[in-house]
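Have a look at the structure below, then the notes.
Rule-based calculations on the coordinates, nothing more; no lab input. Source: prediction; values computed, not measured. Ideal geometry is used to build each Cβ from the backbone, glycine not excepted, and the neighbour counts take in all protein chains shown.
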Amino acid sequence: MNPKTSPLIICLLMLSMLCLPAPPAVATGPPGGSDAINITEDTTWDEAGSIDQQLTISAGATLTISSDIDVGPATNIVVSGTLDLDGGSLVATDPPSDVQWWNAGGASTLWLPTDQVSGSGAIIIVSAAGFNLSGFTVAWGDGASEQMDGEQHEITLNSFPNDGDWLTFEMEIGSWGELVLDRIEVRTASTIPFEAADLDGSGWVLRGDFGFSLGVADGGSLSATDAEIMGADVLISGTAVGQNSWFKRSGPVNVQGAQASLTWNGGGFNSTLDDHDVRADGVAALSFTGVTDSGGFVDLWERQIPAQVLHFPGSGAQFTLNGVGPDARTIPGISTAEGISNVPGDDGPTTRVVEIGQSDGTVWTESATIDSISWFTAWGTYTSDGIPLTHSSDVVVDFPLPSVSISQVEIEDAAPTIGRRASVTVTLANTGEVPANVPIECYDGADRADISPTYPSATVAAGSDADIDLKWGHTGTGNSTLTCSPMLPTQLTRDGAFGGGSGDSAVVVWEVQLETGMDPIVIALIVALVVGVLLVAGFASMQARESMVKAEEPDEDIELVDLDDELEELDDDDD
């Protein structure tokens, strides 16, 4: 071979290889077996298959499904990455198939197709296991209502309409019970069974267990285009976006969390276990355009919040809730020793409906308020009206309160001395919205300070200052600091609700008082002694005078006796 032509031949061979057609793509589906499936890199399933085990789509990975996948009851799908249903479907092999009558005061209907039936026969209505048909009536088309009883009821017909007709169910007057249907059978020469959940109608909800679980985690996403999810228990904590796609027998679809969102355009929802197709909490985002709901009394969505807790600044706050729930209830309340109060649910202590996206396109949203707040405290009584009751699980109830701290502690005596109280001015600052009558307490180091008055107080207006004058006594020489703080009401449970910041004085040096004269205490003792001596001397002098007066007085009895004797002697002389 000519060495000059070798490179040319090699190049021609390489170009010819590039022109060869690429090998056909190999269709793939779910792997077989029962081992858990963990999608850690971008994967596509475009071949029909089935799964009946744990399926996890890891963060950063995408599983694209463009085929029909049968999903068994042991399946739990967790989406932390992205699940892209592009023309594909996830269909439960064992979806909920029973229906329950749910139309108090009205009639519920089921459309029974008979386009494939001819001749005479019967319609057999079969109750779900564990239930019976008692207490209800049924009518076929324009026929008369028939009372049902037991686990089955038979309607005998001479002929069937070419397309079908309605079965109408009603509760008997004075009866009460549950009507749960498993299936409807059409019997002619052969039997055609219809799952109750496959029939169109109104006034029913699904009854039974979901066929598998599908959870879109916070940070995960679900994308559905011309797709179907059937028989799934769905929880969306991340994002879900759908275009002309359906949730069937998967309601209510749960959308929970601040990062959760459900955006659906076209398609919609068919059959639910409750009276709404979507159940959201108070913070998840919902958006629907041109969607179809289950219809009848079933709403497109409800927002429900769990047991709601009101957090007041302290105990004993009285209030009234107005406009609570769909019935706009009025509920009085008082905060507990922990400063909280629970908002009751619609039918008990838990869940409350706060928004309804109704099937006719209207939306009702709760607009409850916290009114007539009255809270008596040692600083004053504080009131408020018209605070919105938000839809978060924990509501911090804020209303106008004082916020008082010590802005200054000033010792007026530059050199305080032992034995004399120092003059002190304590300045209170109220940065709150309302006034307060605030007592204070002071500490001398770790010990309660010797102040007069013991618990001084002052009224401080909102946005203002007030001074308290007091006297401070101290024992022992050396450095000392006076620390003063507001005395907070005992019912406070929220830190900082009333302010409460303390303030310190400058360091002062206490000294012994130096006097040039006699100690005042000694002087007082001497004065007391002199006064005592004088008093004793005065008492003694008075007693002496009394004795002298008594000695000088004549003895009247003796003088009278002597006078009588003298008179007797004169009489004798005259004789």
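Values as computed for the structure displayed
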{"read-out": "Label zone at Arg329, where the point sits 7 Å out along the Cα-to-Cβ direction: segment 346-369 residues whose backbone N lies under 18 Å", "value": "346-356, 365-369"}
{"read-out": "Distance-filtered residues of segment 53-96 - backbone nitrogen under 15 Å, label point 7 angstrom along Asp35 Cα→Cβ", "value": "53-56"}
{"read-out": "Local net charge near Thr62, Cβ-Cβ under 11 Å (Lys/Arg +1, Asp/Glu -1)", "value": "-4"}
{"read-out": "Neighbour cut-off at most 14 other Cβ (10 Å), DSSP loop, GluC sites (Glu not before Pro), segment 143-189", "value": "Glu172"}
{"read-out": "Ranking of Met171, Met148, Met487 by count of other Cβ atoms within 10 Å, fewest first", "value": "Met487, Met171, Met148"}
{"read-out": "Stretchable slack from Thr362 to Thr350, in nm (0.36 nm times residue separation minus alpha-carbon distance)", "value": "1.7 nm"}
{"read-out": "Full-extension gain in nm, Ala48 to Glu178, via 0.36 nm per residue minus C-alpha separation", "value": "42.9 nm"}
{"read-out": "Two-site FRET efficiency, Asp86 against Glu151, from Cβ-Cβ distance with R₀ of 35 Å, rounded to 0.05", "value": "0.20"}
{"read-out": "Selection of GluC sites (Glu not before Pro), segment 405-482, meeting DSSP coil and at most 15 other Cβ within 10 Å", "value": "Glu412, Glu433"}
{"read-out": "Net lengthening on full extension, Arg448/Glu433 (0.36 nm per residue, minus Cα-Cα)", "value": "2.3 nm"}
{"read-out": "Rounded FRET efficiency, nearest 0.05, which uses the C-beta distance separating Ala462 from Ser374 and R0 of 30 Å", "value": "0.95"}
{"read-out": "At R0 = 25 Å, FRET efficiency that the Cβ-Cβ distance of Thr191 and Ala144 yields, to 0.05", "value": "0.50"}
{"read-out": "Which of Leu286, Leu90, Leu529 has the fewest Cβ neighbours within 10 Å, and the rest in rising order", "value": "Leu529, Leu286, Leu90"}
{"read-out": "Positive minus negative residues near Phe312 (Lys, Arg vs Asp, Glu; Cβ under 10 Å)", "value": "-1"}
{"read-out": "Burial ordering of Ser294, Ser372, fewest other beta-carbon atoms within 10 Å first", "value": "Ser372, Ser294"}
